[in-house]
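The block underneath contains the structure these notes are about, expressed in structure tokens.
Derivation of every value follows stated rules applied to the coordinates shown; laboratory data play no part. No experiment lies behind these values; they were computed from the predicted model shown. Neighbour counts are summed over all protein chains in view; Cβ atoms, including those assigned to glycine, are modelled from backbone coordinates with ideal geometry.
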Amino acid sequence: MSSNKRVVAELDAQSLGLGVLDGCCPIPISEHKEIVLAHGSGGKLSQQLIQTMVLPQFQNELLEPLHDGAIFSLNGTKLAFSTDSFVVNPIFFPGGDIGELAINGTVNDLAMCGARPLYLSAAFILEEGFAMADFWRVIQSMQRAAKTAGVSLVTGDTKVVDRGKGDKIFINTSGVGLIDAEVSIYPGRAQIGDKIIVSGLIAAHGIAIMSVREGLEFESEIASDTAPLNGLVAAILSVSKDIHVLRDPTRGGITSTLAEIAEKAKVGIHLDEASIPISEPVKGACEILGLDPLYVANEGKLLAFVQPDQAQAVLAAMRDHPLGREAAMIGEVVAGHPGYIMMKTRIGGVRVVDMLSGEQLPRIC
Amino acid sequence: MKYLDEYRNEAVAQKLVKEICRILTKPWVLMEVCGGQTHTIVKYGLDHLLPSKIELVHGPGCPVCVTSLEMIDKAHAIASRSDVIFCSFGDMLRVPGSTADLLILKSRGADIRIVYSPIDCLKIARANPDKKVVFFAIGFETTAPANAMSVWQARRQGINNFSILVSHVLVPPAMASILQSPLNRVQGFLGPGHVCTVMGYHEYEPITARYHVPIVITGFEPIDLLEGVLLTVRQLEAGQARVENQYGRVVNRNGNKVAQDLINQVFEVCDRKWRGVGSIPKSGYKLRYEFRDHDAERLFDIREIDTQESPLCISGLVLKGVKKPHDCPAFGKECTPLHPLGATMVSAEGACAAYHAYGRHLQFEKKSDQNQPLEEMSP
């Protein structure tokens, strides 16, 4: 473009109030003109959406660690603050419902910061026509879940949208919790030599949801693992305050969570496939559906990164807790391949385990 | 789990690899035909367990990958109509056509549903009498019986708002086409286990005779594949070329007669264009004239869409086993599962996508040393 033309163009833009000279920003994501489902899958597209569209606009040191919650001090007291929204179809499923998920989800996000969850908020977006009896069921279930987790629901909000503009019920919960002064848990703290422990059998929640959604019937019903993890975290911290990382591997499964930690801490992760605990029914369902359980969601499991000399004690403490009976050591943090996960496969081969690119889709054959 | 764990056993794997090493005297190039087999090889790192003298190249057996761009654009044109419920196998949803993929069309309001079986579409059609329900009937001989059954049932039950968009492909003509190519490097095949479950393995006997290559019909678990390699190498080392059946727990010589009869009632053989490869004579199925009322291509007036593939993409050479995914300069750079440029990256079962999913765009050493540094591979 010649310089003359450029001036004209800029003047035009200015006179139209387009703000070219003010540095009007283009949309950071150009490949997608609209939001697609995979933007919410917890994989690469979700990450791209957050990192290019949201984070740069709100940059601050509390947000930057991209932890399950923000950790900060007020008047010398260390606090964790977290929020999560819940949309699930169907809203009632084997082993739980959206209400229980909404309480446990935020309780767990706080627990993963090493916090004792105290107070929660709940906001509902309800669709016109949603059955009152179902709403009552959800509310009662939330009440029970809050009681089990030992948290109080202290504030909330309700909105109703036109029929067809929502899907029965969406719930957002936020929460605050207290952190002991000596506890410092965040993804960037993963250190070379750390042992990685998973608290139990993986992939149950995702398969439970999928089996109802797809109308699939298995010989034994697969139930969601939704549970509040604050008790288990308390048991872990009672053995060792110096836990490096805790995360609950929800959507995207254990690999997406581990890949995030590897990237954040700039360390390599080595996994041993044979040691990853998974129940026979879930394994079978994954085979039938063509899904990789490593990428399937959990709602009541955690991954702990622990110093090698404390790993056995932490593992034993987890196994003593009802939610950690099947806990297992599945890998360790290594110096090589920073930012990536390598896995020794069941038959002795080695491969990279990557974050999911989009949604996991069932394969044709 | 029974029937799975015994085929994923490390000790058995090591024994097989040891035996392969023992009988091996020279280098051989083997092709596994199916995308599912490629997936297993890369997922379990089998190629890294095998001696370097054995090179595995990856075949054209990924039905989603080889579905032509023209057909995908037709599917998109049909799926975008407001009077249509478009049903598909899951992994077809992300495959880009000329302008979008089915997931994007869905985000724009198209009614697109994932089904596990085409028979599920009949239920959808019955529940939505004011809509036209279309199933994207792709696949090899493996999915042909179920796809055929859907229209056979629709006709029998008088479900008139159900049709299928057929883009079926057949394995034996594709294998013959690979062997006829002057660029061919393949010396032995791990044959398509599930295709042969339906069709039997007798169809492959003329190929072994004509081109003097061993074909070992092989399963999909790691132990199946290692055993398939062992049997193929054993034949090659002995100068033999015959059809052998590694997948005996599922496959026999004549296949499933009932399924074959159904296929023949509903489909007839036709020429078919393969994405990345081009047209192969008599390499596909189309609906017979009697089923024209359920033929989406006839029912929806879709003009031929002129399409163009990316000039960077070498998927045609990958599908024929001439090149490996990481031989492509665009692999893992311009071309990723999020932005696939061609056939072999579009489906999870495609060779390029499998390589990418299991980290082959990052170079690592063949030894299973966990502390090997990972470096970006230079193009």
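Approximating the spin labels as points 7 Å out from Cα along Cα→Cβ, the B:Val269-to-B:Val12 distance works out to 3.6 nm. For the pair A:Leu37 and A:Asn75 in one chain, pulling the backbone fully straight at 0.36 nm per residue adds 9.5 nm over the alpha carbon distance.
With both labels modelled 7 Å from their Cα along Cα-to-Cβ, the A:Glu219 to A:Asp162 distance reads 5.1 nm. Extension gain, A:Ser152 to A:Ser184, is 9.1 nm, computed as 0.36 nm per intervening residue step minus the present C-alpha separation. Rounded to the nearest 0.05, the FRET efficiency derived from the C-beta distance between B:Tyr289 and A:Gln191 at R0 = 41 Å is 0.05. Other residues within the sphere of radius under 9 Å centred on the Cβ of B:Gln265, judged by their own Cβ, net out at -1 (K and R +1, D and E -1). Take the Cβ atoms of B:His339 and A:Gln57, set R0 to 25 Å, and the FRET efficiency comes out at 0.50. Charging the Cβ of each Asp and Glu at -1 and of each Lys and Arg at +1, and nothing else, the dipole of the range B:70-211 about its Cα centre rounds to 340 debye. Contact order, relative form, for chain A: 20 percent (alpha carbon pairs under 8 Å, 6 or more residues apart, mean separation divided by residue count). Taking the Cβ of A:Met329 as the centre, find all other residues whose Cβ is under 9 Å away and add up their charges (Lys, Arg: +1; Asp, Glu: -1). Result for the local shell: -1.
Counting only other chain Cβ atoms within 10 Å of each residue's Cβ, the peptide A:336-346 averages 6.
The alpha-carbon atoms of chain A define a convex hull whose volume equals 203 cubic angstrom per residue. Peptides B:222-233, A:207-218 ordered by packing proxy, namely the average of other Cβ atoms within 10 Å per residue, highest first: B:222-233, A:207-218.
Computed over every Cα-Cα pair of the range B:133-186 and binned at 10 Å starting from 0, the pair-distance distribution P(r) comes out as 22, 36, 21, 14, 7, 0 percent. Compared with the dominant principal axis of the Cα atoms in chain A, helix A:230-239 is inclined by about 70°.
For the range A:189-257, the calculated P(r), taken from all Cα-Cα distances in 5 Å bins from zero up to the bin holding the longest distance, is 3, 12, 21, 20, 17, 11, 7, 5, 3 percent. Annotation: the antiparallel percentage among DSSP beta bridges lying fully within the protein assembly as shown is about 55. Using alpha carbons only, how many angstrom separate the centre of the range A:330-360 from the centre of the range B:184-251? Comparing the Cα centres of the range A:330-360 and the range B:184-251, I get a distance of 32 Å. Per-residue mean of foreign Cβ neighbours for B:7-17 is 3 (Cβ atoms of other chains, 10 Å radius).
Seen against the Cα atoms of chain A and their longest principal axis, helix A:132-149 is set at about 60 degrees. Extent along the principal axes, Cα only, for the range A:158-224: 49, 40, 18 Å, with the longest axis given first.
Positive-end ranking of B:Val33, B:Leu236, A:Asn172 along the dipole of the protein assembly as shown, with charges on Cβ about the Cα centre, is headed by B:Leu236. Positive-end ranking of A:Leu258, B:Gly321, A:Val306 along the dipole of the protein assembly as shown, with charges on Cβ about the Cα centre, is headed by B:Gly321. One Cα centroid belongs to the range B:1-66, the other to the range A:156-188; the line between them spans 47 Å. Only helices enter the 222 nm calculation for chain B: every DSSP H run of n ≥ 4 contributes -39,500 (n - 2.57), and dividing by all residues gives -10000 deg cm²/dmol, rounded to 500. Within straight-line reach of B:Lys333, meaning a Cα separation under 20 Å, sit the following aspartates and glutamates at least 8 residues removed in sequence or on another chain: A:Glu31, A:Glu263, A:Asp354, B:Glu309, B:Glu349, B:Glu375, B:Glu376.
Legend: mean number of C-beta atoms from other chains within 10 angstrom of residue C-beta atoms, peptide B:137-146, equals 1.
Electrostatic tally near A:Gly129: other residues with Cβ closer than 15 Å to its Cβ, Lys and Arg +1, Asp and Glu -1, net -1. Beyond 35 Å, what share of the Cα-Cα pairs of the protein assembly as shown is found? Please give it as a whole percent. That fraction is 50 percent. Of the GluC sites (Glu not before Pro) found in the range B:260-354, those that fall in a DSSP loop while having at most 10 other beta-carbon atoms within 10 Å are B:Glu304.
Going by alpha carbons, how many degrees (0 to 90, nearest 10) lie between the helix axis of B:171-180 and the longest principal axis of chain B? With rounding to tens, the tilt is 50 degrees. Temperature 25 °C, viscosity 0.890 mPa s: under these conditions the Stokes-Einstein estimate for chain B, based on its Kirkwood radius over C-alpha pairs, is 114 µm² per second. Taking Cα centre as origin and charging only the Cβ of basic (Lys, Arg, +1) and acidic (Asp, Glu, -1) residues, the dipole magnitude of chain A rounds to 300 debye.
Semi-axes of the equivalent ellipsoid for the range A:187-353, computed as √(5λ) from the eigenvalues of its C-alpha gyration tensor and ordered from largest down, come to 26, 19, 13 Å. Evaluate the Kirkwood expression for the hydrodynamic radius of the range B:243-312, namely the inverse of the mean inverse distance over all pairs of different C-alpha atoms, and round to one decimal in Å. Result for the range B:243-312, one decimal place: 15.6 Å.
Entry note: the range A:73-177 has Rg to Rh equal to 1.01, where both radii use alpha-carbon atoms and Rh is the Kirkwood radius. Would you mind working out the magnitude of the charge dipole of the protein assembly as shown relative to its Cα centre, with +1 at each Lys and Arg C-beta and -1 at each Asp and Glu C-beta, to the nearest 20 Debye? Charge dipole of the protein assembly as shown: 1340 debye, to the nearest 20. The mean of 1/r over all distinct Cα pairs in the range A:51-109, once inverted, gives the Kirkwood hydrodynamic radius of 13.8 Å. Considering helices alone, the calculated mean residue ellipticity of chain A at 222 nm is -9000 deg cm²/dmol, with DSSP H runs of length four and up weighted by -39500 (n - 2.57) and normalised per residue.
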